[in-house]
Every structure is written in structure tokens, then in C-alpha cells.
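Participant: Supplied in C-alpha cells, the structure appears directly below.
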Amino acid sequence: MRILGIDPGLARVGYGIVDFSQQQQTMLDCGIIRTESSLEDGMRMVEIASDLRKLIRIWKPELAAVEKFFFYRSSNTINVVQARGVVIMTLARFRVPLVEFPPNQIKLAVAGSGHAEKNEVLEAVMRELNLSKPPRPDDASDALAIALTAWFHKH
């Protein structure tokens, strides 16, 4: 099964694509969709949708996993929620099934504790995917953790 993990944001949307079989899991690609802060928000949303469409067409995921947004007070909270909506809409247009997980569930599934530190999650991602160096930037690593969570949740 091929799973696309997504860590939503406005400036950077992390993505990770992992192939899973009963014997192993293999990272196929990871990175970020970056939008320029000089663009108006609507154009940034267009860029996210366009780049995500390209990823879906290339990798043809069978499932997508997206981090659920948890509310906190921040000046960019609404923008992140809007970007997440664009991600969900784009996945729906391609009929990619979607599962969502809150951050503490991702940490628990991957690192064994819902309160794991970022470096503990990164180490677990590297171990599970047999990576010799950490995926960068952090948003990409987080997206891989989200994809792993979807796999663990299914099994």
C-alpha cells in the first residue's frame, strides 16, 4: 500500500510518500510544498493545490494521512486551517481516501509516547524506514511520521 503523509501549513506543507508491504516499508519521496509570503493567501492556496495534484499524479497514493489541527492561539491559525482545507479538497478531487490523526496520536504510534519530543519522533521515523540520514526539513519528517501512523493504525 502506498501512503501519502501530509503535515499541513501555509508557508510549508510537509509531505512523505511511503510504500508498505508486509515485510518492509520504503520511503519513496519526501519534502515540502513551499509558498512565498509575498503572495496573497489565495495564490498560496492555489500553489499548494497545484503542487499536491502533481504529487498525487506522480505517486498515485492509495491512502492519505493528514495531521489534525489542534487549536492554539497564533496569528496564522486561520491560514493553516485554510491550507489544510485545500489539502483535504485536493485529496477528495482525486478520490484518495483520507485518515486524520492528532499530534499526540502520531507521537504515540511512532515513538511510543504521546508526549515524545521531536527528536524521538525523528529517530523512530529513521529506524522504521531504515534511513541513514534524517529527512529534512522537519515538516517532511513529520509527514513521514504521519504516513507511518496510518500504516500502524491499519494493522
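Here, each number is a calculation from the coordinates, and none is a lab measurement. This is a predicted model, so every value here is computed, not measured. Methodologically, a virtual Cβ is constructed for each residue, glycine included, from the backbone with ideal geometry; neighbour enumeration extends over all protein chains shown.
Participant: When you look at GLN82, is it out of contact with any strand residue (DSSP E or B) (no Cβ under 7 Å at 6 or more places or on another chain), under 17 Å from ARG12 (Cβ atoms) and in contact (Cβ under 8 Å) with a residue 24 or more places away in the chain, yes or no?
Facilitator: The answer is yes for GLN82.
Participant: Same structure again: Mind checking which residues of the stretch 101-126 are within 20 Å of GLN25 (Cβ to Cβ) and touching a strand residue (DSSP E or B) at 6+ places or on another chain (Cβ under 9 Å)?
Facilitator: Looking only at the stretch 101-126, we keep the residues that are within 20 Å of GLN25 (Cβ to Cβ), and these are 101, 105-112, 116, 120-126.
Across the stretch 101-126, the qualifying residues are PHE101, ILE106, ALA109, VAL125.
Participant: Related question: Could you please give the count of residues in the stretch 131-155 that are in contact (Cβ under 8 Å) with a residue 12 or more places away in the chain and either aromatic (Phe, Trp, Tyr) or not in a helix (DSSP H, G or I) (or both)?
Facilitator: Of the residues in the stretch 131-155, 6 are in contact (Cβ under 8 Å) with a residue 12 or more places away in the chain and either aromatic (Phe, Trp, Tyr) or not in a helix (DSSP H, G or I) (or both).
Participant: Looking at the structure I just gave you, is LEU122 buried (at least 20 other Cβ atoms within 10 Å of the Cβ) and without any contact (Cβ under 8 Å) to a residue 40 or more places away in the chain?
Facilitator: Against the criterion (buried (at least 20 other Cβ atoms within 10 Å of the Cβ) and without any contact (Cβ under 8 Å) to a residue 40 or more places away in the chain), LEU122 qualifies.
Participant: If the requirement is being out of contact with any Lys or Arg (no Cβ under 9 Å at 6 or more places or on another chain) and free of Cβ contacts under 8 Å to residues at least 40 places away in the same chain, which of these qualifies: ILE33, ILE58?
Facilitator: ILE58
Participant: Could you check the stretch 10-38 and list, in sequence order, the residues that are in contact with a helix residue (DSSP H, G or I) (Cβ under 7 Å, 6 or more places away or on another chain) and not in a strand (DSSP E or B)?
Facilitator: Residues satisfying the conditions are LEU10, THR35.
Participant: Of all residues in the stretch 32-48 being out of contact with any Asp or Glu (no Cβ under 7 Å at 6 or more places or on another chain) and closer than 19 Å to ILE146 by Cβ, which is surrounded by the most Cβ atoms within 10 Å (Cβ to Cβ)?
Facilitator: ILE48
Participant: Based on what the data block shows, is SER141 among the hydroxyl-bearing types (Ser, Thr, Tyr), under 30 Å from GLN22 (Cβ atoms) and within 12 Å of the chain's Cα centre (by Cα)?
Facilitator: yes
Participant: Return the total of residues in the stretch 84-102 being in a helix (DSSP H, G or I) and surrounded by fewer than 18 Cβ atoms within 10 Å (Cβ to Cβ).
Facilitator: Within the stretch 84-102, residues that are in a helix (DSSP H, G or I) and surrounded by fewer than 18 Cβ atoms within 10 Å (Cβ to Cβ) number 5.
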